[in-house]
Amino acid sequence: MKTQRSVAGAFVVMMVVASLVAACNRESDAVVKGRTGPNGASRDTASDVAVSEDGLGPIQIGMNLSDAVNMGLLNDNPTRNPQCDWVYPAVGAGIPDGVNVMVVNGKIARIDVDTGVVTTEDGVKIGDSEDKVKTVYGDDVKVEPHKYIEGGHYMTILGDSASAGKALVFETDGKRVTAFRGGRLPEVKWVEGCS
C-alpha cells in the first residue's frame, strides 16, 4: 500500500514539474521595447511594440541584417538590392504587420510604420494629431511641407539623438499622423525610401 502511495506521489510530483517546464518553455508574445533594460522593458503583447530613433525592441538601427535574420527577427529578401532595399519582420517575431525595415549596405538604417498598432516610445501613433506631436516633443519638432500631400507635413524630431545621427519623422496630412519612421540620418529623411 505504501509503495502504491509512493508511486502515485512521485507521479504527481513529476506531472507538476513537467507542467512547470512546459509553461516556462512556451513561446511568448512578449515584445521588447523602451529605454529601461538592455533592449528595453518587456511588454505583454505585440500591440505594445514601440519605435524609437534607435530601433524597434531588439531590431536596432545599425545592426547587421544577417544578425537580425539569425535571431529570427527579420526575413531576408533573396532578391534584395544590396545597396538599399526593404525587408520585413519574420513570422513569430512578435512584430505586427505594417512595419517595414530599410537595409542599406547590409545594415538596418530605418524602421517605417504604417499601422496604428505601433507607437513611439512616447506614445505617439498613426491617427494622432499634429498638436499631440508638438505637445509630446515640444521644441524638438521641426515642421516642413510634405512633398506629395498638399497641406501635409514632415515633422522631424532630432532631440537628444541629433548628435548620434538619428531621428524620428512623422508624416501628416496636415492634421493627423499618417505614417512615421525612426532611424539614422540621412536615410530616415529619404522621402522616396530606396528609390
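Readers should treat all values here as calculations from the given coordinates under stated rules, not as data from a laboratory. These numbers were taken from a predicted model, which means no experiment stands behind them. Every residue, glycine as well, gets a Cβ built from its backbone with ideal geometry; the counts of neighbours run over all protein chains shown.
Any chance you could tell me what percent of the C-alpha pair distances in the stretch 126-195 go past 18 Å? Tail of P(r) above 18 Å: 32 percent of Cα pairs.
Kirkwood hydrodynamic radius of the stretch 90-176, from the reciprocal of the average inverse Cα-Cα distance over all distinct pairs: 14.2 Å.
The label point for Y88 and the one for I149, both projected 7 Å from the Cα toward the Cβ, are 2.2 nm apart. Based on alpha carbons, the Rg and Dmax found for the stretch 75-134 are 13.7, 42 Å. First select every other residue whose beta carbon is under 10 angstrom from the beta carbon of V143; then total the charges, Lys and Arg +1, Asp and Glu -1. Computed value for this residue: 0. Placing a label point 7 Å from the Cα of K189 along the Cα-to-Cβ direction, the residues of the stretch 116-148 whose backbone N falls under 13 Å from that point are 142-145.
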